[in-house]
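Structure record follows, encoded as structure tokens.
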Amino acid sequence: MRDIKDILKLLEVLGSGSNESNSLSYPIGEYVIVRSRSEGVNAGYLDQADSAGCVLSKCRRLWHHKPKRSCESWYEGVAVSGLSEDSKISCKVDKKIIIENYSITLCSDESKRSIEGFKSHES
């Protein structure tokens, strides 16, 4: 329980001193990578987001992903430099709704071009 109290206290401190509410600002309209437990790692444009979930458009699932630059790691590295040639990703879908806990990582322009232009994996 101590951890939850510490987190709540930190959120209170972060929210103090500003006239805004204690809500997060989501990068709506930006190209992002979203990671969730059941839906895995997906990249696309963030249309909507709140504490219950998010909606991505023009999105692709990153099944097997490695960053283009090997000195970077995991999907955060992909968000910076894009995909390595041995990555495997899905075709693009118009909309995906993820209803569960998730994280959002903003993608660089280089990453966005890499993911959007990457060839879909065919079985």
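The values are calculated or read from the model by the stated rules, or taken from the named source; none is laboratory data. Keep in mind that what you see is a predicted model, and the values were worked out from it rather than measured. So basically every Cβ, Gly included, is an ideal-geometry build from the backbone, and we count neighbours across all protein chains shown.
Here is how the numbers come out for the structure above:
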read-out	value
Conditions (1) loosely packed, with under 12 Cβ neighbours inside 10 Å; (2) modelled with pLDDT under 85: number failed by Gly15	(1)
Members of the stretch 47-60 found to be over 16 Å from Gly117 (Cβ atoms) and in contact with a strand residue (DSSP E or B) (Cβ under 9 Å, 6 or more places away or on another chain), listed by number	Asp47, Gln48, Ala49, Gly53, Cys54, Val55, Leu56, Ser57
Failed criterion for Ser111 (all others in (1) modelled with pLDDT of 90 or more; (2) out of contact with any Asp or Glu (no Cβ under 9 Å at 6 or more places or on another chain); (3) more than 19 Å from Pro27 (Cα to Cα) hold)	(3)
Close pairs from the stretch 52-72: first farther than 16 Å from Lys88 by Cα, partner buried (at least 22 other Cβ atoms within 10 Å of the Cβ) and charged (D, E, K, R), Cβ under 8 Å, at least 6 apart	none
Any hit, the stretch 80-88, residues being in a loop (DSSP other than H, G, I, E, B), loosely packed, with under 15 Cβ neighbours inside 10 Å, touching a residue at least 24 places away in the same chain (Cβ under 8 Å) and touching a helix residue (DSSP H, G or I) at 6+ places or on another chain (Cβ under 6 Å)	no
Residue within the stretch 95-107 that is touching a residue at least 60 places away in the same chain (Cβ under 8 Å), among the charged types (D, E, K, R) and under 16 Å from Tyr31 (Cβ atoms) present	no
Qualifying residues in the stretch 91-115 (those that are out of contact with any helix residue (DSSP H, G or I) (no Cβ under 8 Å at 6 or more places or on another chain), part of a helix (DSSP H, G or I) and of a type outside the set (Asp, Glu)) - the one surrounded by the most Cβ atoms within 10 Å (Cβ to Cβ)	Lys112
Residue that is modelled with the lowest pLDDT [pool: residues in the stretch 82-108 that are charged (D, E, K, R) and within 14 Å of the chain's Cα centre (by Cα)]	Glu100
